[in-house]
Amino acid sequence: MPDLSVNLAGIGLRNPLIAASGTSGYVDELADVLDPRALGAIVTKSITREPREGHPPWRMIDVPQGMLNAVGLANVGLDRFLAEKLPAAAGLDTIVVGSIAGDTVDDYVAVAAAFDAADGLPLVELNVSCPNTDDGQVFGEDRESLRRLLAEVRPALANTKMLVKLSPNVSDIVAMAKTAIDAGADGLTLINTVSAMAIDVETRATRLSRGVGGLSGPAVHSIAVRMVHEVYRHVAAEAGVPIIGLGGVMTWSDAAELILAGATAVGMGTALLIDPRSPIKVRNGLRQWVQRQGCSSVGELVGRVADA
Ligand SMILES: Cc1cc2nc3c(=O)[nH]c(=O)nc-3n(C[C@H](O)[C@H](O)[C@H](O)COP(=O)(O)O)c2cc1C
């Protein structure tokens, strides 16, 4: 049987599949329905310095080939996460990745420093799809804002690997990836949700309370494949920086596409909300695919799409 284990920025994962942030609670919720050993790692919901209620309903809706959400980073906040949620997550037999969000650079630094000092989080992921309340720019949609954020966060992570989760809502994803790598990212996660909107034509109201939200699921998969491919080809492969590819992975072949495009690991988000046990089928399908490709390990297929 081929080897599915992968090395993600120096951290060994038993397989390339990662539960995406915001879709498996604080980790132990997912473990109630799925043996965490079916996954290589689990990313927590994004944690902010203070607790957040999030946006009012509706904040998650179905749309063709996907879903829209504007949850608004509802979470228990840093203190309760460290006291209650992390100890439960750290007891599970899987790698836990701490996700960080914030309104200001100081917010990110405070959560990063606390995660770095905590036991049980070998990797953190910065969710940079948040607007900076100081200048209104979304950190991950403006190169200078991203550079300034990472310059402050990087030194706070002395013991922990830093993954930067990029926003697809930019015209030049390679430029954002390069900025993150130059600022010391140990890995890149892409993509976060795609900015989108839905309207109820009878009431004429937007279907999400916030109007605009983030599109995920099969509708975004081909965008993710293209972005992973471009980032791998133009900057990440040469820099030796691994990519976690995600966006609309529902089946093993979706995951395989992202691996061929250049992803070392593959996230699953919306799929877990539909069927939390779907990673088992994806993992088994990947193993058979690696074998059919005549490879002894999944790592041999990373970035191996044939030239167009
Ligand atoms: C309900 C929901 C909540 C999410 N919350 C977060 C979050 O807190 N932090 C984050 O970085 N991404 C969050 N995401 C984005 C996912 O982690 C993922 O990047 C995106 O959904 C694309 O993957 P998918 O198509 O497999 O869902 C959320 C997605 C959904 C659907």
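Would you pick out the residues in the range 147-178 that are part of a helix (DSSP H, G or I) and either under 16 Å from G262 (Cβ atoms) or free of Cβ contacts under 8 Å to residues at least 24 places away in the same chain (or both)? First the steps, then the outcome.
Quick first cut of the range 147-178, residues part of a helix (DSSP H, G or I) only: 147-156, 173-178.
Scanning the range 147-178 gives P155, I173, V174, M176, A177, K178.
Let's see how each residue does on (1) touching a helix residue (DSSP H, G or I) at 6+ places or on another chain (Cβ under 9 Å); (2) modelled with pLDDT of 95 or more; (3) among the hydroxyl-bearing types (S, T, Y):
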site	(1), (2), (3)
I223	no, yes, no
E238	no, yes, no
T251	yes, yes, yes
I280	yes, yes, no
W289	yes, yes, no
S297	yes, yes, yes
G303	yes, yes, no
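Please determine whether any residue of the range 119-132 is away from the ligand (no atom under 15 Å from the Cβ), within 20 Å of the chain's Cα centre (by Cα) and closer than 30 Å to P56 by Cα.
Scanning the range 119-132, I find at least one residue that is away from the ligand (no atom under 15 Å from the Cβ), within 20 Å of the chain's Cα centre (by Cα) and closer than 30 Å to P56 by Cα, so the answer is yes.
If I filter the range 273-284 down to residues being open to solvent by 10 Å² or more (accessible area, probe 1.4 Å) and either within 20 Å of L8 (Cβ to Cβ) or among the small types (G, A, S) (or both), which single residue comes out as nearest to the ligand (Cβ to nearest atom)? Outline the logic, then answer.
Applying the first criterion (open to solvent by 10 Å² or more (accessible area, probe 1.4 Å)) to the range 273-284 yields 273-278, 280-281, 283-284.
Pick out the ones that are also either within 20 Å of L8 (Cβ to Cβ) or among the small types (G, A, S) (or both) and you get 278, 283.
Values: S278: 10, R283: 15 Å.
The residue in question is S278.
Out of I280, I259, I223, which single residue is β-branched (V, I, T), in a helix (DSSP H, G or I) and within 18 Å of G66 (Cα to Cα)?
Details: I280 fails: within 18 Å of G66 (Cα to Cα); I259 fails: within 18 Å of G66 (Cα to Cα).
Residue meeting the stated conditions: I223.
Please pick out the residue among G25, G98 that is within 15 Å of the ligand (Cβ to nearest atom), in a loop (DSSP other than H, G, I, E, B), within 19 Å of the chain's Cα centre (by Cα) and not polar (S, T, N, Q).
On the way: G98 fails: in a loop (DSSP other than H, G, I, E, B).
When all the criteria are applied, what remains is G25.
Within the range 67-84, is even one residue within 23 Å of N132 (Cβ to Cβ), crowded, with 21+ Cβ neighbours inside 10 Å and touching a His at 6+ places or on another chain (Cβ under 8 Å)?
Within the range 67-84, one or more residues are within 23 Å of N132 (Cβ to Cβ), crowded, with 21+ Cβ neighbours inside 10 Å and touching a His at 6+ places or on another chain (Cβ under 8 Å).
Between a residue in the range 32-43 that is at negative phi and any residue that is within 13 Å of the ligand (Cβ to nearest atom) and part of a helix (DSSP H, G or I), which pairs come within a Cβ distance under 6 Å, given they are 6 or more apart or on different chains?
A38/P279; L39/P279
Starting from residues that are acidic (D, E) and part of a loop (DSSP other than H, G, I, E, B), keep the ones in the range 32-67 and report whichever is nearest to L82 (Cα to Cα). Can you show your working first?
From the range 32-67, those acidic (D, E) are 32, 35, 50, 53, 62; that's our starting set.
Pick out the ones that are also part of a loop (DSSP other than H, G, I, E, B) and you get 32, 35, 50, 53.
Details: D32: 20, D35: 23, E50: 12, E53: 18 Å.
Only one residue fits best here, namely E50.
Just need a number here: residues in the range 232-255 that are within 17 Å of the chain's Cα centre (by Cα) and either more than 24 Å from W289 (Cα to Cα) or within 15 Å of the ligand (Cβ to nearest atom) (or both).
Going through the range 232-255, the residues within 17 Å of the chain's Cα centre (by Cα) turn out to be 232, 236, 241-250, 254-255.
Checking which are either more than 24 Å from W289 (Cα to Cα) or within 15 Å of the ligand (Cβ to nearest atom) (or both) leaves us with 236, 241, 243-250, 254-255.
Result for the range 232-255: 12.
Does A101 meet the test of being crowded, with 16+ Cβ neighbours inside 10 Å, among the aliphatic types (A, V, I, L, M) and closer than 20 Å to S145 by Cβ?
Here the answer is yes, as A101 does meet what is asked.
Can you tell me which residue in the range 191-212 is farthest from V249 (Cα to Cα), limited to those that are within 13 Å of the ligand (Cβ to nearest atom) and among the hydroxyl-bearing types (S, T, Y)?
S195
Could you please let me know if L215 is surrounded by 18 or more Cβ atoms within 10 Å (Cβ to Cβ) and under 25 Å from Q293 (Cβ atoms)? Don't jump to the end; show me each part of the working.
Details: surrounded by 18 or more Cβ atoms within 10 Å (Cβ to Cβ): yes; under 25 Å from Q293 (Cβ atoms): no.
Spelling it out, it is not the case that L215 is surrounded by 18 or more Cβ atoms within 10 Å (Cβ to Cβ) and under 25 Å from Q293 (Cβ atoms).
Which of the residues that make up the range 65-81 are farther than 30 Å from D200 by Cα and touching a strand residue (DSSP E or B) at 6+ places or on another chain (Cβ under 9 Å)?
The initial filter retains those residues of the range 65-81 that are farther than 30 Å from D200 by Cα, namely 76-81.
The answer is V76, G77, L78, F81.
The values are calculated or read from the model by the stated rules, or taken from the named source; none is laboratory data. No experiment lies behind these values; they were computed from the predicted model shown. Please note: Cβ atoms are built from the backbone with ideal geometry, for glycine as well, and neighbour counts cover all protein chains shown. Only protein heavy atoms, including side chains, enter the accessible area calculation; ligands, DNA and RNA are left aside. Shrake-Rupley method; radii C 1.70, N 1.55, O 1.52, S 1.80 Å.
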